[in-house]
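Asker: Could you have a look at this structure, given as structure tokens, before my questions?
The values are calculated or read from the model by the stated rules, or taken from the named source; none is laboratory data. Note that the coordinates shown come from a computational prediction; the quantities given were computed from them, not determined experimentally. Here Cβ is always computed from backbone atoms with ideal geometry, including for glycine, and neighbour counts include all displayed protein chains.
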Amino acid sequence: MGLSSFVMAPKTYYAFKELTNRERLGIAWLAPVLGPEFLHSYHGEFTVHIIGDSKGDERGGTGFIISDRHVLTCAHVLKEMTVRPQQTFQGIDCEIRACYPHESVDVGIIELSKPVLRSSSSIGFRDPVIGERLCLLGYPPVPMSCEAPLILQGGEIVNDGVADIRHQKSFLYSAIARPGNSGGPVISHSGHILGIVTEDRVDPDKPHALFYAGISTSTIASALAELPISVYLPIETYE
């Protein structure tokens, strides 16, 4: 990327990049140039607020659209609340057909009754790389707000693979993930999806030793293959 010296347009920017087959399908590859505002707008279109109820209280989580009828989220989002049968995704009233939480991995799928959603074929999924910059998108509740705004939080990968006592592997990042962010996309500055936000790694006896965690693309793909539905991640293969 550089700045043109053309006299008639001295502030014209240009960029050279060899696009992959997936990147050619859309404009997600512009993320490194256009930055977080672009990520909030473009990726935000496919990031949805999931509403449910638990013990008489309204609860919420975040999901990411991966097909015209499937939303990727966390298993604990689906298990810890009763997902309402009617949801509003992308401004469309949607009827939920079924929820599929994985039994041992914090990955789940919401399936709609009809294929009414818009998904992006140009946003590829890949695994995280330590040190790379990222953004979280999600719908954590904002006190005293009249609606649920889409929140973007920046940070970087601090460890790309940690196994916990449950034998579940996750990656760690510095961005703050609040309640309600669970299931939302972890997005690289390159525009790729690195995984989804999962539960924090915290010891109740040491609350200050808190780490924010995500489920990586490869772990998600393996978990989806074990669910009783046919849905796949749009993996970036760099072909």
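Asker: What's the number of the only condition in (1) within 18 Å of the chain's Cα centre (by Cα); (2) among the hydrophobic types (A, V, I, L, M, F, W, C); (3) closer than 13 Å to I50 by Cα that V83 fails to meet?
Answerer: Result: V83 passes all but (1).
Asker: Among (1) closer than 23 Å to T47 by Cβ; (2) surrounded by fewer than 22 Cβ atoms within 10 Å (Cβ to Cβ); (3) in contact (Cβ under 8 Å) with a residue 12 or more places away in the chain, there is one condition G195 misses while meeting the rest; what is its number?
Answerer: (2)
Asker: Any residue at all in segment 92-101 that's within 19 Å of the chain's Cα centre (by Cα) and within 26 Å of H189 (Cβ to Cβ)?
Answerer: Within segment 92-101, not a single residue is within 19 Å of the chain's Cα centre (by Cα) and within 26 Å of H189 (Cβ to Cβ).
Asker: Being of a type in the set (A, V, I, L, M, F, W, C) and touching a residue at least 40 places away in the same chain (Cβ under 8 Å) narrows it down to one of V105, V142, V83, so name that one.
Answerer: Exactly one residue qualifies, and that residue is V105.
Asker: Moving on to the next point. Considering only segment 193-239, give the strands (runs of 3 or more DSSP E) lying wholly within it that have at least 2 residues that are modelled with pLDDT of 90 or more and under 13 Å from A177 (Cα atoms).
Answerer: 193-197, 206-216
Asker: Which is of a type in the set (S, T, N, Q) and farther than 26 Å from I51 by Cβ, of S170, S190, S145?
Answerer: Just one listed residue meets the conditions, S190.
Asker: With (1) in contact with a strand residue (DSSP E or B) (Cβ under 8 Å, 6 or more places away or on another chain); (2) at negative phi; (3) assigned by the TED database to the domain that holds S67 as the list, and I176 as the residue in question, which single condition is left unmet?
Answerer: Going through the list (1) in contact with a strand residue (DSSP E or B) (Cβ under 8 Å, 6 or more places away or on another chain); (2) at negative phi; (3) assigned by the TED database to the domain that holds S67, I176 breaks only (3).
Asker: Any idea how many residues of segment 37-57 are surrounded by fewer than 17 Cβ atoms within 10 Å (Cβ to Cβ), within 25 Å of S120 (Cβ to Cβ) and among the polar types (S, T, N, Q)?
Answerer: Of the residues in that region, 1 qualify.
Asker: Go through segment 153-170 and give me each residue that's modelled with pLDDT of 95 or more and either among the hydroxyl-bearing types (S, T, Y) or crowded, with 18+ Cβ neighbours inside 10 Å (or both).
Answerer: Result: Q153, I157.
Asker: Scan segment 123-157 residue by residue and report those that are part of a loop (DSSP other than H, G, I, E, B), under 14 Å from the mean Cα position of the chain (by Cα) and among the aliphatic types (A, V, I, L, M).
Answerer: I123, L150
Asker: Filter the strands (runs of 3 or more DSSP E) completely within segment 26-122 down to those with at least 3 residues that are in the same structural domain as I151 (by the TED database), out of contact with any Lys or Arg (no Cβ under 6 Å at 6 or more places or on another chain) and modelled with pLDDT under 95. Don't jump to the end; show me each part of the working.
Answerer: Details: elements: 47-54, 57-65, 70-73, 86-89, 92-101, 108-112.
Those strands (runs of 3 or more DSSP E) do not exist here; none qualify.
Asker: Which count do you get for residues in segment 220-234 that are touching a Phe, Trp or Tyr at 6+ places or on another chain (Cβ under 8 Å) and surrounded by fewer than 16 Cβ atoms within 10 Å (Cβ to Cβ)?
Answerer: Within segment 220-234, residues that are touching a Phe, Trp or Tyr at 6+ places or on another chain (Cβ under 8 Å) and surrounded by fewer than 16 Cβ atoms within 10 Å (Cβ to Cβ) number 3.
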